[in-house]
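The values are calculated or read from the model by the stated rules, or taken from the named source; none is laboratory data. None of these values were measured; they are calculated from a predicted model. For neighbour counting, all protein chains shown are included, and Cβ atoms are generated from backbone atoms with ideal geometry for every residue, glycine included. All accessible areas refer to the heavy atoms of the entire protein, side chains included, with ligands and DNA or RNA removed. Shrake-Rupley method; radii C 1.70, N 1.55, O 1.52, S 1.80 Å.
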Amino acid sequence: MYSVASITDAGLKRDENEDAILVAKEYGLFMVSDGMGGHARGEVASQMIVNTFHEIFAPKESDETESYDIDTVDGDETIPYFSDDLDEDETITYENEEWRRSSLNEKLNRAIEFATHKIKNYANEKLTNGQIGATVVGIDVIEDDKEIAVFHLGDSRAYRIRDKQIEKLTIDHSKYEQMKQSGEYTEEELAKVNRNSITKAVGNFKSIPLEINYFDLRKDDIYLLCSDGVSDLTHAKELLEIILEEQENLEEATLRIKNLVYQRGAKDNLSMIVFRYG
């Protein structure tokens, strides 16, 4: 059902790789988490995030009774992610599609809350000061309904290639993108902004709900998840060209993208997952 290739690499300038990836074809979950540069133990945060999602989303055997109690997360440090003000005329929709989406949203955000809780505990036990954190981007495939949930926090990205066109499915949670979206700043002003200054992430601070969006799923769709170590040094058109040329050999596509990043200095860790549906 899936053709998948992935790479995670330290790059040319970093001593350690602080990225982590999750490729779970068996239950349709794909994730990239990028440990925040300049923060303590980013590789711990990113690995905790993908491990937590695997623990919660992996199919359980019938005799497994492991449960996840959301009340174990500090209540005063969480943000509610659902409102109760559904319109009456949305009731019929809510009972099927909206109910399913609401349930998945809750499950995704529960995973983020548990990851945040684990990261906080680690920071309290192992770090004397400072922050620890990571970005995350992922796709959960809802195969029966031919739909995907795209979720993210930070500036790791999701792209879709369909009908020989590439579309960015996420908007970076960054100071630059926030200013750009406001329409209040000139190109000259935006050029001075640090594009890597992110506004949302997962870490030993308050739990932030994921941004989650839903898209239809079609046969032969190709999806790319990547950290900013890839997106900062490539253009969408270049990614499109490489993946289309190598769509029958996605391993070669990831290697070509990695080589392109290396040619441009690979100043950061780089991670990517490319998968084709159907």
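Kindly indicate whether SER3 is in contact (Cβ under 8 Å) with a residue 24 or more places away in the chain and under 17 Å from the mean Cα position of the chain (by Cα). The answer is no for SER3.
Mind checking which residues of the range 154-190 are in a loop (DSSP other than H, G, I, E, B) and more than 13 Å from ASP228 (Cα to Cα)? Show your work before the answer.
To start, the set of residues in the range 154-190 that are in a loop (DSSP other than H, G, I, E, B) comprises 154-156, 163-164, 169-173, 183-186.
Across the range 154-190, the qualifying residues are ASP163, LYS164, LEU169, GLY183, GLU184, TYR185, THR186.
When restricted to residues that are farther than 19 Å from GLU167 by Cβ, among the small types (Gly, Ala, Ser) and open to solvent by 20 Å² or more (accessible area, probe 1.4 Å), the range 249-278 contains 1. Restricting TYR176, TYR185, TYR159 to those that are over 21 Å from HIS54 (Cβ atoms), more than 18 Å from the chain's Cα centre (by Cα) and buried (at least 17 other Cβ atoms within 10 Å of the Cβ) reduces the list to TYR176.
Scan the range 235-248 residue by residue and report those that are in contact with a Ser or Thr (Cβ under 9 Å, 6 or more places away or on another chain) and either open to solvent by 30 Å² or more (accessible area, probe 1.4 Å) or not in a helix (DSSP H, G or I) (or both). Of everything in the range 235-248, those that are in contact with a Ser or Thr (Cβ under 9 Å, 6 or more places away or on another chain) and either open to solvent by 30 Å² or more (accessible area, probe 1.4 Å) or not in a helix (DSSP H, G or I) (or both) turn out to be GLU246, GLN247, GLU248. Pairing each residue of the range 15-37 that is within 20 Å of GLY130 (Cα to Cα) and of a type in the set (A, V, I, L, M, F, W, C) with any residue that is in a strand (DSSP E or B) and open to solvent by 10 Å² or more (accessible area, probe 1.4 Å), provided the two are 6+ apart or on different chains, yields C-beta distances under 8 Å for MET36/ILE198. Take the conditions (1) touching a helix residue (DSSP H, G or I) at 6+ places or on another chain (Cβ under 9 Å); (2) at pLDDT 85 or above; LYS175 misses just one of them, which is (1).
A single member of GLY138, GLY183, GLY130 is at pLDDT 85 or above and farther than 28 Å from GLY278 by Cα, and it is GLY183. When each of ASP232, ASP221, ASP228 is tested for being among the acidic types (Asp, Glu), in contact (Cβ under 8 Å) with a residue 24 or more places away in the chain, open to solvent by less than 50 Å² (accessible area, probe 1.4 Å) and more than 17 Å from ASP140 (Cα to Cα), the lone residue that passes is ASP228. Kindly indicate the residue of the range 162-173 that is open to solvent by 60 Å² or more (accessible area, probe 1.4 Å) and of a type outside the set (A, V, I, L, M, F, W, C) and also nearest to the chain's Cα centre (by Cα) among those meeting that condition. Across the range 162-173, the extreme among qualifying residues is LYS168.
Reported count of residues in the range 131-153, each being in contact with a strand residue (DSSP E or B) (Cβ under 8 Å, 6 or more places away or on another chain), outside any loop (DSSP other than H, G, I, E, B) and not aliphatic (A, V, I, L, M), is 7.
Of everything in the range 197-217 that is buried (at least 16 other Cβ atoms within 10 Å of the Cβ) and among the polar types (S, T, N, Q), the residue that is farthest from the chain's Cα centre (by Cα) is ASN204.
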